[in-house]
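Comments concern the structure below.
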Amino acid sequence: MGIVIPPWRKDDLGPILNQKAYAIFDGGDGMRSLPGLCLELLAEQKKAWLDLRQGYESLKEVRERDVRCGGFSVRLQYNPGRIKSSLASVGEKNANERRCFLCLNHLPEGQKGLLYRNEYLILCNPMPIFPSHFTVSHLAHRPQAIIEHIDSLLQLMSEFGFGWTVFYNGPKCGASAPDHLHFQASPSGQMPIEKDIREEKRLTLLTQIDGALLYRVRGLGREVVILEGDDPMAVGGALQGFQNALKETLLLDEEPMMNIAGIYEERKWRLVVFPRRKHRPDAFFKKGDGRVVVSPGLIDMGGVLVTPVKKDFERLDAAAVEGIYREVSLEAKTVEKAIDALV
Ligand SMILES: [Zn+2]
């Protein structure tokens, strides 16, 4: 397929985009759907890019096991292909020294993407957790930050549409490239949280912010807040309000740690927010047998706990999983205080 990058690209990305763009999505009339184009990209990339094909082949080796905790279940996923990602150094110093793997000029030779609204390149994740797993990477190298780019997340949610989940990991709690703005997208139905939040008894409606509803979800062993509405501006504004309240409560200048899953259904935008206290549990930093290699991001908080080390996959039990969630999730009283400040 021949791609012509629009002439209104005034920066110097034009030549490299011509090389790297498999197709363009700009939302125009008669355009194929975003998921359709992404799945076609994935099929093509599996043929043309060996590392991706191998990454998806290794998904066949993945083993899973459900762990019943108090009032909820999680799925452990033994996925040795994720070891590099789980052990990644994500501190600022390392980020500066590391060659950014999302920058256009560092993409592997075989990798191509879908140019999305002239602002992002949608790429196939070569270390997938799910059978179709995409990274939506900004064309420019700029830090991971949600409020400045909430419009992109909300637009991606409605353009991927029903049946897809678009997600965000904060720069200090799960993003493997904290210095390069990106989202991820996968077909829905793979994370236990998606079912958990459909159980009405778990939900408590706490307040409305300019027409967006704020629910707290109970009994999941970690803090979960849902912001929902049929006006994306209101939902984005509610996230900003909640984030500001957390910043005030925690006395922070920077973005409070959070993972967000975005689900679009029946013309409603729903953000499932996991406020965080820390990225990795203390056990991650232990030496020897006590070390547990888990590095929770959105997927793990959503109930698929990725364990790239076999021993961890075999030994983690309900108490250990509950302990990990308790440790990395923000405390209930802090979340309550932030929500009280909103009302
Ligand atoms: Zn970059």
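When PHE160, PHE183 are checked against the criterion of being among the aromatic types (Phe, Trp, Tyr), within 16 Å of the ligand (Cβ to nearest atom) and modelled with pLDDT of 95 or more, a single residue qualifies: PHE183. If the condition is being in contact (Cβ under 8 Å) with a residue 12 or more places away in the chain and among the charged types (D, E, K, R), then region 315-333 contributes ASP317, GLU322, ARG326, GLU327, GLU331.
Looking at region 198-219 only, could you name the residues that are in a loop (DSSP other than H, G, I, E, B) and either crowded, with 22+ Cβ neighbours inside 10 Å or among the charged types (D, E, K, R) (or both)?
Residues of region 198-219 in a loop (DSSP other than H, G, I, E, B): 198-199, 210-211, 218-219.
Hits for region 198-219 are ARG198, GLU199, ASP210, ARG218.
Sub-8 Å Cβ pairs linking a first residue in region 265-293 that is touching a residue at least 40 places away in the same chain (Cβ under 8 Å) to a second residue that is of a type in the set (S, T, N, Q) and part of a loop (DSSP other than H, G, I, E, B), at least 6 apart or interchain, are HIS279/SER295; ARG280/SER295, ordered by first then second residue. What number goes with the only condition from (1) part of a helix (DSSP H, G or I); (2) buried (at least 22 other Cβ atoms within 10 Å of the Cβ) that LYS195 does not pass? Exception for LYS195: condition (2). Looking only at residues of region 108-128 that are closer than 21 Å to PRO171 by Cβ and out of contact with any strand residue (DSSP E or B) (no Cβ under 6 Å at 6 or more places or on another chain), we find that the one that is modelled with the highest pLDDT is GLU119.
How about region 163-180: which of its residues are within 16 Å of the ligand (Cβ to nearest atom) and either out of contact with any Ser or Thr (no Cβ under 9 Å at 6 or more places or on another chain) or not in a strand (DSSP E or B) (or both)?
In the first step, residues of region 163-180 are kept if they are within 16 Å of the ligand (Cβ to nearest atom); the result is 169, 171, 175-180.
Result: PRO171, ALA175, SER176, ALA177, PRO178, ASP179, HIS180.
The values are calculated or read from the model by the stated rules, or taken from the named source; none is laboratory data. From a predicted model like this one, the values you see are computed outputs, not experimental measurements. Glycine also receives a Cβ, built like all others from the backbone with ideal geometry; neighbour counts cover every protein chain displayed.
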